[in-house]
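Since every read-out is calculated from the coordinates, none of them should be taken as a lab result. Because the structure is a prediction, the values reported are computed rather than measured. Note: ideal-geometry Cβ built from the backbone for every residue, glycine included; neighbour counts use all protein chains shown.
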Amino acid sequence: MSPSVRLQEMIRVIRGARTQGEERGVIQRECAAIRAQFRQADNGTRSHNLAKLLYVHMLGYPAHFGQMECVRLIASPRYNEKRVGYLGAMMLLDEKQDASLLITNSIKNDLSHNSQYVQSLALCTLACMGSAEMCRDLAPEIDRLLRASNSYIKKKAALCAVHIVRKVPDLGELFTPAARSLLCEKNHGVLHGAVVLITELCERNPDTLEQFRKVVPELVQIMKGLVMSGYSPEHNVAGISDPFLQVRILRLLRILGRNNDTASDAMNDLLAQVATNTDSSKTAGSAVLYETVLTVMDIKSESGLRVLAVNILGRFLLNNDRNIRYISMTSLQKIVQTDHNAVQRHRGTIVDCLKDQDASVKRRALELSLALVSAVNIRSLMKELLLFLSSCPPELRAHTTSGIFNAAERYAPSQRWHIDTILHVLTTAGGDVRDETVPNLIQLITTATELHCYTVHKLYRALITDISVQSLVQVACWCIGEYGDLLLRGECEETEPVQVTEDDVLDALETVLQSHMSSPATRGFALTATMKLSTRITHNVDRIRSIVSIYGSCIDVELQQRAVEYNALFKKYDHMRYRGSVCGAPSVIAKLPEYLLGGSGEPVPSSGLSHTVPGPATSTSGGDLLDLLGGLDVSPGE
Amino acid sequence: MMRFLLLFSRQGKLRLQKWFTPIPEREKKKIVRDMTTMVLARKPRSCNFLHWKDLKIVYKRYASLYFCCGLDAEENELIALEMLHRYVELLDKYFGNVCELDIIFNFEKAYFILDEFLLGGEIQETSKQVVSRAIEASDMLQEVRCCPVGTDLRSVFPSS
């Protein structure tokens, strides 16, 4: 049986294993046999045994005992053994293994081999896993091959030089002259390698970059040749002549034209030509157009050319191919700051992409929409964003809510709109908002004095509908505690008022207090709100007192502490109750938002009962707060 | 440059892995796991581009095999799609109507073809014919197992 069939036979047997255990057994046996074979003298099957080992390695099993065999095979005079040996080296060795140093000499010898296919193996391996020392050692050899060899070797040597420069940037200077002369080659493989090498050299060394600016005209000529040439069967892809080479040249032009007027001027016409003449019905053409657009936007191009580029992106947005829509949006994202107006023109299409089925496209559309928000379009764009929020994938919700809040904060046309927007977000996605949302919203409501009545009505309605969204419930409780009297009055200009009794309101708060869904922090809000209402209502103070005293023995330490303190306020300090303790203290809230974050429900030690209890805060650390409220001229609740 | 190229089946079995930067074995395994999980979770008509850490991931499904590559952030995703397609075309030319089984049973050949198309994470040859001819010539050389390289083939095959 020829050894090659034995490899395939082994693969067949392994695949036939019905369980993981069976597979392991087969592999253990095979590996044992391979190990034994490795120890024997050369018997002509070494390469096949190594190949078997490489298969086993790909399945995830350890194969380090094959490393030395790779070294041996690479040194063999037989091509088939060298080939597998080098493959093994690329798969099993990397620069961190000691064994990799041992192949340096073989590579060196093979680089001067009289068969180009052997040279090719050495070049490939060096470019794949050559360490810094190997690169330093062999760089002169590579430079020699760059200058004097056939195109098959030159193209590989060029990419090998790229790897060397990545590993040892100082060696860039060595390759610069050879790279320059490679641009005169006609062979596409060599040209491609040369362009990649020059790109790498220019990216790493500003002096080299300066030098290579002089070759812009030459690059422009090469591109023109590719774009204007007739059908070339060898390099044609969907009607584009060598799109791979075109894309690399465009990328190099981008680097050369950046921040440089002369170079940018020299390539202006070419870019316009490529942008207009390239057929984008297939991916290859779109790839070239895409690279052209990126180049135009990055260099110092004429404004007409820039407009052309943005329009190409706009056209891409309407393309049926999802990939093209996606990259169009990533490109627009890059230029939305610098060319804001140009991108705004395509806002409609971008917003439509929010409805795309694909999650990646949706994400891009969201980023771009948020970047396009302005004072002019805030109302219409926010409608779309809120619509998006109601159906957006869960992983995007947090980002969407924070984006909406930021936009609302910057461009809100009115306070009422702002409050409405935040409430809408809380109702739709209250579980995905950041912690600061609650104190921020409270602060906003406080400052919007004409809207207190409107806000408390809206929040009361929201509260009796649904108490599962903690952030919304917390704000609602706070609002009711603060402006409950407005609620009870039953009149409101901005919205239809509710007709509620004091009992109804207390019912709502008690429901929150007793619900399993309420978090400890939410219960804190509800209890404090209940307490605050004792100064704003007239008939049900006893009910409040009884609620408060019940919670005096609550298991939750935080609630218990509050309840006990409030209880004391009722008993011993009743005369103070109106005068300052439970009245809202907006200035405090504004100054100490962090106290409102009682989300964790952790008890904060308080220093006794003589301190004031500002709004929905967790128990205060006495001393700090006392200072601020030293004046104590807070008027009774509104 | 391309950082890695992976081929895996719909069940997540790895058929080929090419790494263009030195990475510890454990991390390679993690990357393979992440890629297979991410790509296999994608819906059928999704976009072929993903973001993962600081890399762009481009993948395409061909019958039962997923071709997945990781690229640096400045790479052109559309041309990467073309690159994957070119590799599939090369495999197809070599094996004749290539299927997953061909790549399983002849994995070394798949690597040899890849090594004629990409080098150090970059494209080395943009012409299909040149790559195919190079593979054919290398295979011919390999057939002559017994002779050291450099032997004049005319002495072995006098009629050719």
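Rg ratio for the range A:380-454: its Cα radius of gyration over 2.2 N^0.38 Å, N being its residue count, equals 1.06.
Shown for chain B are the DSSP H helices of 24 Å or more along their axis, judged by Cα atoms, with a mean Kyte-Doolittle hydropathy of at least 0.0: B:77-95.
Taking the convex hull of the alpha carbon positions in the range A:109-178 and averaging its projected area over all directions gives 4.0 nm². Remark: mean inter-chain Cβ contacts per residue of A:82-90 equal 3, using a 10 Å Cβ-Cβ cutoff to other protein chain atoms. The P(r) of chain B has a tail past 23 Å containing 43 percent of all C-alpha pairs. By the rule of a C-alpha distance below 21 Å, with chain neighbours fewer than 8 residues away ignored, the lysines paired with residue A:167 are A:96, A:108, A:154, A:155, A:156, B:18, B:28. Taking each DSSP H run with n ≥ 4 as -39500 (n - 2.57) and averaging over every residue of the protein assembly as shown yields -20000 deg cm²/dmol at 222 nm. Restricting to Cα pairs below 8 Å that are 6+ residues apart, what does the relative contact order work out to for chain B? Please round to a whole percent. Value for chain B: 21 percent. The equivalent ellipsoid of the range A:144-193 has semi-axes of 18, 11, 9 Å, largest first, where each one is the square root of 5 times an eigenvalue of the Cα gyration tensor. Relative to the longest principal axis of the Cα atoms of chain A, helix A:116-129 runs at roughly 20 degrees.
In chain A, the longest principal axis of the Cα atoms and the axis of helix A:216-228 are about 90 degrees apart.
For the range B:40-122, the ratio of Cα radius of gyration to the globular rule of thumb 2.2 N^0.38 Å stands at 1.13. The alpha carbon convex hull volume per residue for the range A:7-74 rounds to 77 Å³. Over every Cα atom in the range A:236-329, the radius of gyration and the widest Cα-Cα span, Dmax, amount to 12.6, 38 Å. Computed over chain A, relative contact order equals 5 percent, with contacts defined as Cα pairs under 8 Å that lie 6+ residues apart.
Taking every Cα-Cα distance in the range A:329-447 and sorting them into 10 Å bins starting at zero, the pair-distance distribution P(r) comes out as 13, 46, 32, 9, 0 percent. At q = 0.08 Å⁻¹, what is the base-10 log of I(q)/I(0) for the range A:1-138 according to the Debye formula with one equal point scatterer per Cα and no solvent? Please give it to two decimals. So the normalised log intensities are -0.22.
Along each principal axis, taking the top coordinate minus the bottom one, the Cα set of the range B:20-88 gives 32, 25, 21 Å in descending order.
By the compact-protein rule of thumb, 2.2 N^0.38 Å, the alpha-carbon radius of gyration of chain A corresponds to a ratio of 1.43. If you take the alpha carbon atoms of the range A:437-550 and fit the smallest convex hull around them, that volume is 90 Å³ per residue. Residues A:392, B:99, arranged from fewest to most other Cβ atoms within 10 angstrom of their Cβ, appear as B:99, A:392. Ordering B:52, A:478, B:19 from the fewest to the most neighbouring beta carbons within 10 Å gives B:52, B:19, A:478. What is the helix-to-structure angle for A:452-465, meaning the angle in degrees between its Cα long axis and the longest Cα principal axis of chain A, kept from 0 to 90 and rounded to the nearest 10? Tilt relative to chain A: about 70 degrees. Residues with beta-carbon under 13 Å from that of residue A:124, excluding residue A:124: net charge, scoring Lys, Arg +1 and Asp, Glu -1? My count for the surroundings of residue A:124 gives 0.
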